[in-house]
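Presented below is the structure to which this report refers.
The values are calculated or read from the model by the stated rules, or taken from the named source; none is laboratory data. None of these values were measured; they are calculated from a predicted model. Backbone-built Cβ (ideal geometry, glycine too); neighbour counts: all protein chains shown.
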Amino acid sequence: MTVISRMAEQGHPQVSHFYDRATGLRAIIAVHSNALGPGVGGVRIRDYDDEAAALTDVLRLSEAMSYKAACAGLNCGGAKAVVLGPFPSDRRAGMHALGRAVDSLGGRYVATEDMGMTESDIAWLNEVTPHAVGRSLADGGSGDPSPHTADGVIVGMRAALQAARMGDDVRGLKVAVQGCGHVGLAVIERLLAGGAEVLASDIRADAAARAEQAGARVVDNDVILTQAVDVISPCGIGAILDQRTIAALRCRVVAGAANNQLATERDGIRLNERGIVYAPDFVINAGGLINVSDELDPNGYDAARVARRIAAIETTLTQLFAEAVAQNSTTDMAAVAMARSRIGANH
Ligand code: NAD
(Lines give C-alpha, C1' and ligand atoms only; values in the text may rest on other atoms or scores of the structure.)
Protein backbone atom coordinates (compact mmCIF):
# COMPACT_ATOMS: atom_id res chain seq x y z
CA MET A 1 0.00 0.00 0.00
CA THR A 2 1.33 3.46 -0.85
CA VAL A 3 1.91 6.06 1.84
CA ILE A 4 -1.03 8.15 0.64
CA SER A 5 -3.39 5.14 0.69
CA ARG A 6 -2.38 4.47 4.27
CA MET A 7 -2.88 8.14 5.17
CA ALA A 8 -6.34 7.99 3.62
CA GLU A 9 -7.15 4.82 5.54
CA GLN A 10 -6.03 6.17 8.93
CA GLY A 11 -7.04 9.79 8.33
CA HIS A 12 -3.66 11.56 8.31
CA PRO A 13 -3.62 14.85 6.37
CA GLN A 14 0.18 15.09 6.41
CA VAL A 15 3.15 12.75 6.66
CA SER A 16 6.55 14.35 6.03
CA HIS A 17 9.90 12.65 5.50
CA PHE A 18 13.15 14.42 6.38
CA TYR A 19 16.80 13.77 5.54
CA ASP A 20 19.54 16.12 6.70
CA ARG A 21 22.64 15.89 4.53
CA ALA A 22 25.01 17.43 7.10
CA THR A 23 24.18 15.13 10.03
CA GLY A 24 22.54 12.16 8.30
CA LEU A 25 19.37 12.60 10.42
CA ARG A 26 16.43 10.63 9.01
CA ALA A 27 12.98 11.34 10.40
CA ILE A 28 9.29 11.02 9.65
CA ILE A 29 6.68 13.32 11.15
CA ALA A 30 3.03 12.27 10.93
CA VAL A 31 0.20 14.66 11.68
CA HIS A 32 -3.03 12.78 12.32
CA SER A 33 -5.32 15.62 13.31
CA ASN A 34 -5.26 19.34 14.02
CA ALA A 35 -9.01 19.59 14.53
CA LEU A 36 -8.65 20.37 18.24
CA GLY A 37 -5.29 22.17 18.07
CA PRO A 38 -1.57 21.59 17.49
CA GLY A 39 -0.59 17.94 17.32
CA VAL A 40 1.48 17.32 20.45
CA GLY A 41 3.47 14.10 20.38
CA GLY A 42 6.78 12.63 21.39
CA VAL A 43 9.84 12.10 19.24
CA ARG A 44 10.72 8.40 19.25
CA ILE A 45 14.34 7.55 18.43
CA ARG A 46 14.70 3.90 17.54
CA ASP A 47 16.78 1.54 15.42
CA TYR A 48 13.96 0.40 13.14
CA ASP A 49 14.43 -2.70 10.99
CA ASP A 50 13.55 -0.61 7.96
CA GLU A 51 11.72 2.50 6.79
CA ALA A 52 8.43 0.64 6.47
CA ALA A 53 8.52 -0.27 10.16
CA ALA A 54 9.20 3.36 11.08
CA LEU A 55 6.29 4.53 8.95
CA THR A 56 3.91 1.99 10.49
CA ASP A 57 4.99 3.10 13.97
CA VAL A 58 4.58 6.83 13.33
CA LEU A 59 1.16 6.41 11.69
CA ARG A 60 -0.13 4.29 14.57
CA LEU A 61 1.37 6.45 17.32
CA SER A 62 0.16 9.76 15.87
CA GLU A 63 -3.40 8.44 15.57
CA ALA A 64 -3.25 7.29 19.20
CA MET A 65 -2.11 10.79 20.25
CA SER A 66 -5.23 12.30 18.66
CA TYR A 67 -7.44 9.98 20.70
CA LYS A 68 -5.45 10.52 23.90
CA ALA A 69 -5.67 14.32 23.64
CA ALA A 70 -9.35 14.27 22.70
CA CYS A 71 -10.35 11.99 25.60
CA ALA A 72 -8.33 14.16 27.99
CA GLY A 73 -10.35 17.19 26.83
CA LEU A 74 -7.23 19.01 25.62
CA ASN A 75 -7.13 21.56 22.83
CA CYS A 76 -4.51 19.44 21.08
CA GLY A 77 -4.49 17.30 18.00
CA GLY A 78 -2.40 14.23 17.37
CA ALA A 79 1.04 13.94 15.77
CA LYS A 80 4.28 12.09 16.31
CA ALA A 81 7.84 11.95 15.02
CA VAL A 82 10.15 9.01 14.60
CA VAL A 83 13.88 9.26 14.07
CA LEU A 84 15.43 6.26 12.36
CA GLY A 85 18.42 5.41 14.51
CA PRO A 86 21.23 5.57 15.11
CA PHE A 87 20.90 9.25 16.04
CA PRO A 88 23.65 11.45 14.57
CA SER A 89 26.76 11.33 16.76
CA ASP A 90 26.80 15.12 17.11
CA ARG A 91 23.67 15.12 19.25
CA ARG A 92 23.16 18.88 19.31
CA ALA A 93 23.57 19.23 15.53
CA GLY A 94 21.15 16.31 15.07
CA MET A 95 18.62 17.97 17.37
CA HIS A 96 18.98 21.22 15.44
CA ALA A 97 18.29 19.37 12.18
CA LEU A 98 15.26 17.74 13.79
CA GLY A 99 14.17 21.13 15.19
CA ARG A 100 14.28 22.65 11.70
CA ALA A 101 12.12 19.79 10.43
CA VAL A 102 9.62 20.37 13.25
CA ASP A 103 9.69 24.11 12.60
CA SER A 104 8.91 23.64 8.92
CA LEU A 105 5.47 22.33 9.91
CA GLY A 106 4.65 25.73 11.34
CA GLY A 107 3.18 24.50 14.63
CA ARG A 108 0.96 21.72 13.26
CA TYR A 109 3.34 19.44 15.17
CA VAL A 110 4.71 20.19 18.64
CA ALA A 111 7.52 17.87 19.64
CA THR A 112 8.01 16.42 23.09
CA GLU A 113 9.81 13.46 24.69
CA ASP A 114 9.31 9.80 23.90
CA MET A 115 11.71 6.86 23.87
CA GLY A 116 15.30 8.00 23.49
CA MET A 117 14.70 11.71 24.19
CA THR A 118 15.64 13.78 27.23
CA GLU A 119 14.82 17.23 28.61
CA SER A 120 18.14 18.58 27.32
CA ASP A 121 17.24 17.39 23.81
CA ILE A 122 14.06 19.49 24.07
CA ALA A 123 16.19 22.49 25.08
CA TRP A 124 18.29 21.95 21.92
CA LEU A 125 15.15 21.71 19.77
CA ASN A 126 14.03 24.99 21.33
CA GLU A 127 17.23 26.65 20.06
CA VAL A 128 15.76 26.41 16.55
CA THR A 129 11.99 26.11 17.03
CA PRO A 130 9.38 27.23 19.57
CA HIS A 131 7.35 24.12 18.68
CA ALA A 132 8.85 21.78 21.29
CA VAL A 133 7.69 21.33 24.90
CA GLY A 134 8.84 19.28 27.87
CA ARG A 135 11.58 21.47 29.27
CA SER A 136 12.81 20.94 32.80
CA LEU A 137 11.20 22.80 35.71
CA ALA A 138 14.45 24.73 36.12
CA ASP A 139 14.09 25.89 32.50
CA GLY A 140 10.53 27.09 33.15
CA GLY A 141 9.01 23.94 31.65
CA SER A 142 6.64 21.27 32.97
CA GLY A 143 9.34 18.85 34.15
CA ASP A 144 9.15 15.05 34.47
CA PRO A 145 5.77 13.77 33.21
CA SER A 146 5.96 10.45 35.09
CA PRO A 147 4.51 11.53 38.48
CA HIS A 148 1.58 13.11 36.65
CA THR A 149 1.01 9.96 34.64
CA ALA A 150 1.05 7.99 37.90
CA ASP A 151 -1.50 10.39 39.46
CA GLY A 152 -3.78 9.74 36.49
CA VAL A 153 -3.38 5.98 36.86
CA ILE A 154 -4.42 6.18 40.50
CA VAL A 155 -7.61 8.20 39.88
CA GLY A 156 -8.36 6.05 36.83
CA MET A 157 -7.97 2.92 38.93
CA ARG A 158 -10.57 4.32 41.32
CA ALA A 159 -13.07 4.70 38.46
CA ALA A 160 -12.33 1.16 37.30
CA LEU A 161 -12.86 -0.22 40.81
CA GLN A 162 -16.25 1.47 40.95
CA ALA A 163 -17.18 0.04 37.56
CA ALA A 164 -16.25 -3.39 38.92
CA ARG A 165 -18.39 -2.68 42.04
CA MET A 166 -15.35 -2.88 44.29
CA GLY A 167 -15.70 0.50 45.99
CA ASP A 168 -13.49 3.43 45.10
CA ASP A 169 -10.53 2.94 47.39
CA VAL A 170 -7.38 0.86 47.01
CA ARG A 171 -7.05 0.43 50.80
CA GLY A 172 -6.81 -3.26 51.60
CA LEU A 173 -6.73 -4.29 47.94
CA LYS A 174 -4.02 -6.35 46.31
CA VAL A 175 -2.47 -4.78 43.20
CA ALA A 176 0.14 -6.31 40.89
CA VAL A 177 2.31 -3.77 39.07
CA GLN A 178 4.35 -4.92 36.06
CA GLY A 179 7.26 -2.58 35.34
CA CYS A 180 8.88 -0.49 38.07
CA GLY A 181 10.36 2.33 35.99
CA HIS A 182 9.56 6.04 36.19
CA VAL A 183 5.80 5.60 36.18
CA GLY A 184 5.58 2.12 37.72
CA LEU A 185 7.56 3.07 40.83
CA ALA A 186 5.48 6.23 41.29
CA VAL A 187 2.29 4.14 41.00
CA ILE A 188 3.65 1.67 43.56
CA GLU A 189 4.47 4.48 46.01
CA ARG A 190 0.98 5.95 45.67
CA LEU A 191 -0.70 2.56 46.08
CA LEU A 192 1.32 1.79 49.21
CA ALA A 193 0.55 5.24 50.63
CA GLY A 194 -3.13 4.52 49.97
CA GLY A 195 -3.01 1.30 51.98
CA ALA A 196 -2.87 -1.28 49.17
CA GLU A 197 -0.77 -4.42 49.21
CA VAL A 198 1.53 -4.31 46.18
CA LEU A 199 3.19 -7.08 44.21
CA ALA A 200 5.70 -5.88 41.64
CA SER A 201 7.95 -7.21 38.90
CA ASP A 202 10.45 -5.94 36.38
CA ILE A 203 12.88 -7.51 33.94
CA ARG A 204 15.60 -5.31 35.46
CA ALA A 205 16.89 -6.28 38.88
CA ASP A 206 17.71 -2.67 39.85
CA ALA A 207 14.17 -1.50 39.08
CA ALA A 208 12.66 -4.41 41.03
CA ALA A 209 14.99 -3.64 43.94
CA ARG A 210 13.71 -0.05 44.06
CA ALA A 211 10.13 -1.36 44.23
CA GLU A 212 11.09 -3.69 47.06
CA GLN A 213 12.73 -0.85 48.92
CA ALA A 214 9.54 1.19 48.54
CA GLY A 215 7.60 -1.63 50.25
CA ALA A 216 6.31 -3.83 47.43
CA ARG A 217 6.70 -7.61 47.37
CA VAL A 218 8.70 -8.50 44.27
CA VAL A 219 7.66 -11.56 42.27
CA ASP A 220 9.10 -13.11 39.13
CA ASN A 221 8.05 -11.20 36.01
CA ASP A 222 6.88 -14.44 34.37
CA VAL A 223 4.17 -14.89 36.99
CA ILE A 224 3.08 -11.31 37.76
CA LEU A 225 0.10 -11.41 35.40
CA THR A 226 -1.24 -14.64 36.88
CA GLN A 227 -1.22 -13.52 40.51
CA ALA A 228 -4.58 -13.70 42.31
CA VAL A 229 -5.08 -9.97 42.88
CA ASP A 230 -7.80 -7.32 42.65
CA VAL A 231 -5.99 -5.19 40.08
CA ILE A 232 -3.27 -5.72 37.47
CA SER A 233 -1.44 -2.49 36.63
CA PRO A 234 0.72 -2.83 33.50
CA CYS A 235 3.41 -0.15 33.66
CA GLY A 236 6.20 -1.74 31.61
CA ILE A 237 5.68 -2.56 27.95
CA GLY A 238 2.70 -2.90 25.64
CA ALA A 239 0.97 -5.85 23.94
CA ILE A 240 0.96 -7.88 27.16
CA LEU A 241 -2.78 -8.63 27.02
CA ASP A 242 -3.37 -11.36 24.47
CA GLN A 243 -5.38 -14.56 24.15
CA ARG A 244 -2.98 -16.53 26.34
CA THR A 245 -2.40 -13.98 29.11
CA ILE A 246 -6.04 -12.90 29.33
CA ALA A 247 -7.16 -16.53 29.82
CA ALA A 248 -4.75 -16.78 32.77
CA LEU A 249 -5.61 -13.48 34.51
CA ARG A 250 -6.92 -13.73 38.07
CA CYS A 251 -7.99 -10.12 38.66
CA ARG A 252 -11.11 -8.00 38.25
CA VAL A 253 -9.53 -4.81 36.96
CA VAL A 254 -6.68 -3.92 34.58
CA ALA A 255 -5.55 -0.32 35.04
CA GLY A 256 -2.03 0.80 34.23
CA ALA A 257 0.15 3.25 32.33
CA ALA A 258 1.76 1.14 29.60
CA ASN A 259 0.89 2.16 26.05
CA ASN A 260 -0.85 -0.29 23.71
CA GLN A 261 -1.62 -2.92 26.34
CA LEU A 262 -4.02 -4.85 24.11
CA ALA A 263 -2.16 -6.98 21.56
CA THR A 264 -5.18 -6.70 19.24
CA GLU A 265 -8.62 -5.09 19.35
CA ARG A 266 -10.08 -8.56 19.85
CA ASP A 267 -8.31 -8.70 23.23
CA GLY A 268 -10.61 -5.95 24.50
CA ILE A 269 -13.52 -8.28 23.75
CA ARG A 270 -11.73 -11.14 25.51
CA LEU A 271 -11.37 -9.03 28.67
CA ASN A 272 -15.07 -8.13 28.44
CA GLU A 273 -16.03 -11.75 28.10
CA ARG A 274 -14.09 -12.56 31.24
CA GLY A 275 -15.85 -9.74 33.10
CA ILE A 276 -12.59 -7.86 33.71
CA VAL A 277 -12.87 -4.07 33.73
CA TYR A 278 -10.17 -2.61 31.47
CA ALA A 279 -9.23 1.07 31.71
CA PRO A 280 -8.21 2.02 28.14
CA ASP A 281 -4.50 2.82 28.26
CA PHE A 282 -4.62 6.02 26.26
CA VAL A 283 -7.25 7.46 28.61
CA ILE A 284 -5.78 6.43 31.96
CA ASN A 285 -2.19 7.33 31.01
CA ALA A 286 -2.91 10.85 29.71
CA GLY A 287 -1.45 12.59 32.79
CA GLY A 288 1.94 13.08 31.14
CA LEU A 289 0.41 14.63 28.02
CA ILE A 290 -1.88 16.82 30.14
CA ASN A 291 1.19 18.05 32.02
CA VAL A 292 3.49 18.71 29.06
CA SER A 293 0.85 20.27 26.80
CA ASP A 294 0.10 22.82 29.52
CA GLU A 295 3.32 24.58 28.48
CA LEU A 296 1.43 25.67 25.36
CA ASP A 297 -1.05 27.77 27.30
CA PRO A 298 -0.58 31.45 26.40
CA ASN A 299 -0.36 32.26 30.12
CA GLY A 300 2.21 29.56 30.78
CA TYR A 301 2.27 26.33 32.75
CA ASP A 302 -0.25 26.15 35.61
CA ALA A 303 0.18 23.26 38.06
CA ALA A 304 -3.32 23.69 39.52
CA ARG A 305 -4.95 23.41 36.09
CA VAL A 306 -2.87 20.30 35.36
CA ALA A 307 -4.01 18.71 38.64
CA ARG A 308 -7.67 19.49 37.83
CA ARG A 309 -7.40 17.95 34.38
CA ILE A 310 -5.71 14.85 35.73
CA ALA A 311 -8.41 14.46 38.37
CA ALA A 312 -10.97 14.58 35.55
CA ILE A 313 -9.57 11.31 34.13
CA GLU A 314 -11.70 9.61 36.81
CA THR A 315 -14.92 11.22 35.50
CA THR A 316 -14.04 10.48 31.88
CA LEU A 317 -13.38 6.84 32.64
CA THR A 318 -16.59 6.53 34.66
CA GLN A 319 -18.48 7.88 31.67
CA LEU A 320 -16.65 5.51 29.31
CA PHE A 321 -17.34 2.45 31.43
CA ALA A 322 -21.06 3.35 31.43
CA GLU A 323 -21.05 3.95 27.66
CA ALA A 324 -19.33 0.63 26.99
CA VAL A 325 -22.06 -1.19 28.94
CA ALA A 326 -24.85 0.80 27.26
CA GLN A 327 -23.43 0.16 23.78
CA ASN A 328 -22.49 -3.44 24.50
CA SER A 329 -19.01 -2.48 23.37
CA THR A 330 -15.55 -2.71 24.89
CA THR A 331 -14.14 0.14 26.96
CA ASP A 332 -11.38 0.55 24.37
CA MET A 333 -13.84 0.91 21.49
CA ALA A 334 -16.01 3.26 23.56
CA ALA A 335 -12.93 5.45 24.17
CA VAL A 336 -12.06 5.57 20.46
CA ALA A 337 -15.69 6.47 19.70
CA MET A 338 -15.63 9.25 22.32
CA ALA A 339 -12.40 10.66 20.88
CA ARG A 340 -13.63 10.49 17.28
CA SER A 341 -16.83 12.27 18.17
CA ARG A 342 -14.92 15.09 19.94
CA ILE A 343 -12.55 15.42 16.99
CA GLY A 344 -15.38 15.18 14.45
CA ALA A 345 -17.45 17.81 16.26
CA ASN A 346 -14.59 20.25 15.80
CA HIS A 347 -13.91 19.62 12.14
P1 NAD B 1 10.63 3.43 31.98
O2 NAD B 1 11.52 3.05 30.86
O3 NAD B 1 11.10 4.39 33.01
O4 NAD B 1 10.19 2.11 32.77
C5 NAD B 1 9.74 0.95 32.15
C6 NAD B 1 10.10 -0.20 33.06
O7 NAD B 1 9.49 -1.38 32.55
C8 NAD B 1 11.62 -0.46 33.12
O9 NAD B 1 12.04 -0.60 34.45
C10 NAD B 1 11.78 -1.74 32.33
O11 NAD B 1 12.84 -2.54 32.79
C12 NAD B 1 10.44 -2.40 32.56
N13 NAD B 1 10.09 -3.39 31.55
C14 NAD B 1 10.37 -3.35 30.23
N15 NAD B 1 9.89 -4.46 29.64
C16 NAD B 1 9.31 -5.18 30.61
C17 NAD B 1 8.65 -6.43 30.64
N18 NAD B 1 8.50 -7.16 29.53
N19 NAD B 1 8.16 -6.88 31.80
C20 NAD B 1 8.33 -6.16 32.94
N21 NAD B 1 8.96 -4.98 32.99
C22 NAD B 1 9.43 -4.50 31.84
O23 NAD B 1 9.27 3.91 31.28
P24 NAD B 1 8.11 4.75 31.96
O25 NAD B 1 8.28 6.17 31.62
O26 NAD B 1 7.94 4.33 33.37
O27 NAD B 1 6.85 4.23 31.10
C28 NAD B 1 6.26 2.98 31.37
C29 NAD B 1 5.14 2.72 30.38
O30 NAD B 1 4.17 3.77 30.48
C31 NAD B 1 5.59 2.73 28.92
O32 NAD B 1 4.78 1.81 28.20
C33 NAD B 1 5.29 4.13 28.47
O34 NAD B 1 5.08 4.20 27.06
C35 NAD B 1 4.01 4.40 29.22
N36 NAD B 1 3.74 5.83 29.43
C37 NAD B 1 4.64 6.58 30.14
C38 NAD B 1 4.35 7.92 30.37
C39 NAD B 1 5.28 8.79 31.17
O40 NAD B 1 4.85 9.85 31.64
N41 NAD B 1 6.52 8.39 31.37
C42 NAD B 1 3.16 8.48 29.87
C43 NAD B 1 2.27 7.67 29.17
C44 NAD B 1 2.58 6.34 28.97
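Listed here are the residues, each with its yes/no results for (1) within 21 Å of Asn285 (Cβ to Cβ); (2) assigned by TED's automatic domain parsing to the domain that holds Ala335; (3) touching a residue at least 24 places away in the same chain (Cβ under 8 Å).
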site	(1), (2), (3)
Asp114	yes, no, yes
Ser120	no, no, no
Ala123	no, no, no
Thr129	no, no, yes
Leu173	yes, yes, yes
Ala193	yes, yes, no
Ala205	no, yes, no
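Pairs meeting the criteria (first residue in the range 1-21 and closer than 15 Å to Ala54 by Cβ, second residue of a type in the set (S, T, N, Q), beta carbons under 7 Å, at least 6 apart or on different chains) are His12/Ser62.
If we scan the range 210-224, do we find a residue that is under 25 Å from His148 (Cβ atoms), at pLDDT 95 or above, surrounded by fewer than 20 Cβ atoms within 10 Å (Cβ to Cβ) and among the hydrophobic types (A, V, I, L, M, F, W, C)? Within the range 210-224, one or more residues are under 25 Å from His148 (Cβ atoms), at pLDDT 95 or above, surrounded by fewer than 20 Cβ atoms within 10 Å (Cβ to Cβ) and among the hydrophobic types (A, V, I, L, M, F, W, C).
Beta carbons closer than 8 Å, at least 6 apart along the sequence or on distinct chains, pair a first residue in the range 277-303 that is without any contact (Cβ under 8 Å) to a residue 24 or more places away in the chain with a second that is assigned to a helix (DSSP H, G or I) and among the charged types (D, E, K, R) for Asp297/Arg305; Asp302/Asp294.
So that you can scan it fast, the table gives a plain yes or no per residue for (1) in the same structural domain as Ala150 (by TED's automatic domain parsing); (2) more than 19 Å from Ala324 (Cα to Cα); (3) within 13 Å of the ligand (Cβ to nearest atom):
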position: Arg217; (1), (2), (3): yes, yes, no
position: Asp222; (1), (2), (3): yes, yes, yes
position: Gln227; (1), (2), (3): yes, yes, no
position: Ile232; (1), (2), (3): yes, yes, yes
position: Val254; (1), (2), (3): yes, no, no
position: Ala258; (1), (2), (3): yes, yes, yes
position: Thr264; (1), (2), (3): yes, no, no
position: Arg274; (1), (2), (3): yes, no, no
position: Gly300; (1), (2), (3): no, yes, no
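Could you list, in sequence order, the residues of the range 52-109 that are in a helix (DSSP H, G or I) and of a type in the set (Lys, Arg)? Passing the criteria: Arg60, Lys68, Arg91, Arg92, Arg100. From the list Arg204, Arg165, Arg158, the one residue that fits, being out of contact with any helix residue (DSSP H, G or I) (no Cβ under 9 Å at 6 or more places or on another chain) and more than 16 Å from the ligand (Cβ to nearest atom), is Arg165.
Residue by residue, here is whether (1) of a type in the set (Asp, Glu); (2) modelled with pLDDT under 95; (3) touching a strand residue (DSSP E or B) at 6+ places or on another chain (Cβ under 6 Å); (4) more than 20 Å from Leu289 (Cα to Cα) holds:
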residue: His12; (1), (2), (3), (4): no, no, yes, yes
residue: Thr23; (1), (2), (3), (4): no, no, no, yes
residue: Val31; (1), (2), (3), (4): no, no, yes, no
residue: Pro38; (1), (2), (3), (4): no, no, yes, no
residue: Gly78; (1), (2), (3), (4): no, no, yes, no
residue: Arg92; (1), (2), (3), (4): no, no, no, yes
residue: Met95; (1), (2), (3), (4): no, no, no, yes
residue: Leu105; (1), (2), (3), (4): no, no, no, yes
residue: Arg108; (1), (2), (3), (4): no, no, yes, no
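Taking the conditions exactly as written (crowded, with 18+ Cβ neighbours inside 10 Å, farther than 14 Å from Tyr67 by Cα, in the same structural domain as Val198 (by TED's automatic domain parsing) and more than 16 Å from the ligand (Cβ to nearest atom)), does Ala247 satisfy them or not? For Ala247, the condition - crowded, with 18+ Cβ neighbours inside 10 Å, farther than 14 Å from Tyr67 by Cα, in the same structural domain as Val198 (by TED's automatic domain parsing) and more than 16 Å from the ligand (Cβ to nearest atom) - is not met. Being near the ligand (Cβ under 10 Å from one of its atoms), among the hydrophobic types (A, V, I, L, M, F, W, C) and within 21 Å of Leu161 (Cβ to Cβ) is the filter here, so list the residues in the range 234-244 that pass it. Cys235, Ile240 - these are the residues of the range 234-244 that are near the ligand (Cβ under 10 Å from one of its atoms), among the hydrophobic types (A, V, I, L, M, F, W, C) and within 21 Å of Leu161 (Cβ to Cβ). Just to be sure before I move on: is Glu127 acidic (Asp, Glu) and within 13 Å of the ligand (Cβ to nearest atom) in the structure I sent? For Glu127, the condition - acidic (Asp, Glu) and within 13 Å of the ligand (Cβ to nearest atom) - is not met. If you check Val292, Val283, Val277, which single one turns out to be surrounded by 24 or more Cβ atoms within 10 Å (Cβ to Cβ), farther than 26 Å from Gly134 by Cα, touching a helix residue (DSSP H, G or I) at 6+ places or on another chain (Cβ under 9 Å) and not hydroxyl-bearing (Ser, Thr, Tyr)? Only one candidate passes the filter, namely Val277.
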